[in-house]
């Protein structure tokens, strides 16, 4: 079976977010931010729209889906909801998250924090989350494979691939 792959690495496939990595039981980075860049490769076979229409998916459709998703993380603090040392509750006034991570305390506005269903906010985990979400969003186009790369700084990235 032959696969055709679309490669999308648009300048506006980016988001700026704060996070910190957790290394082990004692060590974690300080809260800091990155200007992340995202690249997506989408593959389909002859049995998809490619054989009937001559293309896999309209680039306009892809760009809209990808950009809308990345905009949700833009200018937010990304935190790992599944890490056992990450504890949080909503403040008594209902405006902030009161976040405890080991000996650290953060109070951040509710609308500035996104809790991700991961154990760490690494580029490995971010790329896997996005790959899963994009794969689901593009299922109706009979996509066979999707690879999402998330770059946190130039030359430093991770990618995740989902295949049927």
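What follows is calculated from the coordinates using simple rules that are stated; it is not laboratory data. Because the structure is a prediction, the values reported are computed rather than measured. Here the Cβ positions follow ideal geometry from the backbone for every residue, glycine too, while neighbour counts run over all protein chains shown.
Overview of results
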quantity	calculated
Ranking of 64, 132 by count of other Cβ atoms within 10 Å, fewest first	64, 132
Rel. contact order, % - alpha carbon contacts under 8 angstrom, at least six apart, the chain	25 percent
Acute angle (nearest 10 degrees) that the helix 123-138 long axis makes with the longest principal axis of the chain, alpha-carbon atoms	50 degrees
Value of Rg to Rh for segment 100-164 (Rh from inverse mean 1/r over Cα pairs, i.e. Kirkwood)	1.10
Sorted by Cβ density within 10 Å, fewest first, the residues 66, 162	162, 66
Packing-based exposure ordering (other Cβ within 10 Å, fewest first) of 121, 153, 4	153, 4, 121
Per-selection Kirkwood Rh - segment 87-131 (Cα, Å, 1 d.p.)	11.9 Å
Kirkwood Rh, angstrom, segment 15-164 [1 / mean 1/r, Cα pairs]	16.9 Å
Among 70, 126, 31: highest mean-square fluctuation, GNM of the chain, C-alpha pairs under 10 Å	31
Folded to 0 to 90 degrees: helix 59-73 orientation relative to the chain principal axis, Cα	10 degrees
Kirkwood-Stokes translational diffusion coefficient of segment 1-101, alpha-carbon pairs, 25 °C, 0.890 mPa s, µm²/s	144 µm²/s
